[in-house]
Every structure is written in structure tokens, then in C-alpha cells.
1. Give me a count of the residues in the range 306-315 that are surrounded by fewer than 19 Cβ atoms within 10 Å (Cβ to Cβ) and closer than 17 Å to Cys278 by Cα.
2. Could you list, in sequence order, the residues of the range 372-399 that are open to solvent by 50 Å² or more (accessible area, probe 1.4 Å), in a loop (DSSP other than H, G, I, E, B) and farther than 28 Å from Leu82 by Cα?
3. From the set of residues in the range 139-157 that are open to solvent by 20 Å² or more (accessible area, probe 1.4 Å) and more than 19 Å from the chain's Cα centre (by Cα), which is farthest from Gly201 (Cα to Cα)?
4. Could we say that Leu8 is open to solvent by less than 10 Å² (accessible area, probe 1.4 Å) and either of a type in the set (Asp, Glu) or not in a helix (DSSP H, G or I) (or both) here?
5. So for the range 197-214 (the condition being in a helix (DSSP H, G or I), acidic (Asp, Glu) and surrounded by fewer than 18 Cβ atoms within 10 Å (Cβ to Cβ)), does at least one residue qualify?
6. Please state which of the following conditions Gly51 fails to meet, knowing it meets all the rest: (1) open to solvent by 10 Å² or more (accessible area, probe 1.4 Å); (2) modelled with pLDDT of 90 or more; (3) part of a loop (DSSP other than H, G, I, E, B).
7. Given the condition assigned to a loop (DSSP other than H, G, I, E, B), open to solvent by 50 Å² or more (accessible area, probe 1.4 Å) and in contact (Cβ under 8 Å) with a residue 12 or more places away in the chain, answer yes or no: does some residue in the range 167-182 qualify?
8. Which members of the range 228-263 meet the condition of being in a loop (DSSP other than H, G, I, E, B), closer than 30 Å to Tyr139 by Cα and either at pLDDT below 95 or open to solvent by 40 Å² or more (accessible area, probe 1.4 Å) (or both)?
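The values are calculated or read from the model by the stated rules, or taken from the named source; none is laboratory data. Note that the structure is predicted; figures quoted are calculated from it, not measured. All Cβ positions, glycine included, derive from the backbone under ideal geometry; neighbour counts span all protein chains shown. All accessible areas refer to the heavy atoms of the entire protein, side chains included, with ligands and DNA or RNA removed. Shrake-Rupley method; radii C 1.70, N 1.55, O 1.52, S 1.80 Å.
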Amino acid sequence: MRQRLDVLVVGGGPAGMAAAVRAAESGQRVGIVDDNFALGGQIWRGESEAGSETSRWINRLRSSGASVLRGRICYQPEPHVLLAEADDLVQELSYEKLILATGARERFLPFPGWTLSNVMGAGGLQAMVKCGLPIQGKYIVVAGTGPLLLAVAAYLRRHGAEIAMICEQASWASLARFGMALLAQPGKIFQGFQLKKELVGAKFSPNSWLVAASGRTTVESVTISRSGMLETIPCDYLACGFHLVPNIEVPLVLGCEIQDGCVRVDDLQRTSVAEVFCAGEPTGIGGVELSLVEGEIAGLAAAGRIAEASILFDKRKKLRFFAKRLDRTFRLRSELRNLPQPDTIVCRCEDVRYSHLRDHMSWRAAKLQTRCGMGACQGRVCGPATEFLFKWNLDSVRPPIFPARVESLAGAGDSKQELCETTGGR
């Protein structure tokens, strides 16, 4: 199946939805493609109460005339064409302008016991509860770093979970400075008070981090370092995550310039590659409000409405200040590099242990010698972990971005050949 578009948006989270809406409302032929069957990304998926911001953007997208392509895995990006796979269907999406809003994922750090059942990412457990996982009466430890911990803990509590403890690796001093910075953003303060209200009675412990998870086959307890002292907490689930990592695989394959782990963009959200824009978390972790504004700017700019896009620059500037504070506050402390033991698995796809990695000098050398990062997730879990543990530069991303069928890959070759013929080899 083939579809020609003026603007193609990759990613159905807040940034992608905002970009698609503004471009489509400007008269462009717009398509928005996402690998999930429900739009909204991790933050908005399943949250569509009438009158909410989520529902307003969803309704606006529906009435904009944009083509919504759900359940498509974008495995092969090329200049002016992208191949997506869905069940037994391969869809060729050709475009004049591309907006990348690929979001972010949780960062995991390996520690003894992290491969036990019921040890999950904080956002991952939240997603499973949204899909029907019963957690009423279950004792849950939420640990790691970042605002996501509080949001997930509040969500789990609303669904009947007992929050045994929230462990935040950032110090009280860092959190206090972060709180002072929020005084300029009343909306953020209101959100903070709402979370505090929902979590009354739950133990919140800054300056604390995971040391190990224990259990026979399923997690039964976790050991934490709490202000320098070890403490063991019984639990049924461990929800952990060490902030977020931008999804930059598609921008990397397309040749977009990366700076400090994020896609570099100009004032109009344009990347270093002509006609390719980027918005949301791939340009820097900053939250829903910043993602929406960046998405709007990208959508307007892609439609040629530069003057309207520039009106949003001041709003984006204020929100980026918050993003910088976010990064400084929840920066990982060096003690976390000591979590894995020699026999701790780091690459879960290929069963590569910490002792097999620590003597290598680079990500490429480790891949060649141990197959680290060469499994089904293609380094999405172990890559950011080893980047932090060993300060490696992750320098090898190649298509297919996601696992694809052989016949789909064959179709990618045919499409690329046809594109070269129709464009004179450009």
C-alpha cells in the first residue's frame, strides 16, 4: 500500500498530535503514524475523559482531516519515504516534509535481581495496569529518579495498590532547588500539590536508591540504600526507572545531528537534514507542555506558517528553562555505577553479564566480542545503561529500526530502487 503526503508525522504522543493538527489545519495532506493502536503516547494513552486536554487534542485531530495510521511499526526510514509494517501489510509512506516526534523511553540500570518477575519499569507497570493488570492490595516499591515516579505511584494508588515506599536517588537539596524553580510556573506547582494530596501517607525517601531485588522466581523484597543505611522492604512489585531516554534511532538513521544525546534543532524545530523536523522528547526531556508547544511549532513551520510559529517561541523558552532544571535535578549520581555485580546480567536479550563488559573500551568492541545490544531490543535497554556505566558512545544504529519480516525487508529494497529511478538517483 502506498500513500503520498505533504507532511508525515512519526509518533502519536502529545508532540506528534500537536504537529499533525497544526499542519492539517493549515491545509496540508498530513499523516500521523504510530506503532500503538491508541494515540496519546505513554503519558496520555487511555486518558480521554470528556473535557480533558487529551480529549481536546484527540477531537481536534479527528476533525483536522489528518490520516491516522495506528499499529504501524516504522522499520525503514529513507529520505522522502518511510516503510511501515502492520500484520501482513507493508505500507509505503512518501512525504515532502517529515516531523519526528518519537518520544522517549525509560532508562533502566542493572542491579542484582532486576530480571526477576514483577520487577518492571515504572511506566511499564502503569501501562500494564491501564491494560487491565489487577494490583488492588499489592505492595509496590517505586524507585529510581524523576517526576515519573510520583505520577506512577499516584496512578497505582488510585487503582488500589499499597505504595510501600517511593525511593528517589536525588537529594533533598536538589529537590528543594527544583521546587523553588517551579514558583515561576503555577501550573507545575498545582500538579505537585495534586500528587502530594493523592500520596498522603505514602513514604517518600530522597537520597535513596535500589541495591538489589530478592525472590525465588518473583520479587519478594527489595534492598535499598537509604541515607547511607541498607534497608529491606517486602513487596509484590518493584516499579523502577532512572528518568527517560530520548528515542533518537530514526533521526540517527536519517543523519540528523545529535548533541548531548538529543536531536539538535533550530528555532523552527528543523533538524540538520533538509525538510526533517523534530519535536518533543527527542530534542530534550521536558514534559507534556513543552512537547505540545514544540509540536505546534514544527507543524506550523512544516506548513510554511512561520509567523504563527514564531508567536510560540517565548512560551517554549520558558518551558525549556523547566526542562534544564529537570535534567540537573535528576542527574544520576555516580554511586549508581556500583549497582551491578560481576554476575549481573546487563544485556537481557543476549544474557551478557557485567563481568564480560567491563574490560571493553567501547560499545562497538563490546558488541563484537559479546553480542551486547544485538538482540531483539537492539540496545534500547542495555545501550543507555552501558552509556552511563562505562561512558560509552552509542554510535551504531542501522535499519531496520525494529525487527521486521523478511518479505518486508525485501519490499524495502524494491521501494528504495523505485525511489532512485523516479528521482534520478538523488
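1. Our first condition is that a residue be surrounded by fewer than 19 Cβ atoms within 10 Å (Cβ to Cβ); within the range 306-315, this holds for 306-308, 310-315.
Going one step further and asking which of them are closer than 17 Å to Cys278 by Cα, we end up with 306, 310, 312-313.
Matching residues across the range 306-315 total 4.
2. Passing the criteria: only Lys391.
3. Taking the range 139-157 first, the residues open to solvent by 20 Å² or more (accessible area, probe 1.4 Å) are 139, 147-148, 150-151, 157.
Adding the requirement that they be more than 19 Å from the chain's Cα centre (by Cα) leaves 139, 157.
Details: Tyr139: 14, Arg157: 11 Å.
The qualifying residue farthest from Gly201 (Cα to Cα) is Tyr139.
4. On the way: open to solvent by less than 10 Å² (accessible area, probe 1.4 Å): yes; either of a type in the set (Asp, Glu) or not in a helix (DSSP H, G or I) (or both): yes.
Here the answer is yes, as Leu8 does meet what is asked.
5. First, the residues of the range 197-214 that are in a helix (DSSP H, G or I): 197-198.
From what's left, acidic (Asp, Glu): 198.
Then drop every residue that is not surrounded by fewer than 18 Cβ atoms within 10 Å (Cβ to Cβ), which leaves 198.
Looking for residues that are in a helix (DSSP H, G or I), acidic (Asp, Glu) and surrounded by fewer than 18 Cβ atoms within 10 Å (Cβ to Cβ), one finds at least one in the range 197-214, hence yes.
6. (2)
7. If we filter the range 167-182 for residues that are assigned to a loop (DSSP other than H, G, I, E, B), which is where we start, we get 169-171.
Right, trim to open to solvent by 50 Å² or more (accessible area, probe 1.4 Å) and you get none.
No, every residue in the range 167-182 fails to be assigned to a loop (DSSP other than H, G, I, E, B), open to solvent by 50 Å² or more (accessible area, probe 1.4 Å) and in contact (Cβ under 8 Å) with a residue 12 or more places away in the chain.
8. Filtering the range 228-263 down to residues in a loop (DSSP other than H, G, I, E, B) leaves 228, 235-236, 243, 247-248, 255-257, 260-261.
Still in the running and closer than 30 Å to Tyr139 by Cα: 228, 235-236, 243.
Within the range 228-263, Gly228, Asp236, His243 meet the criteria.
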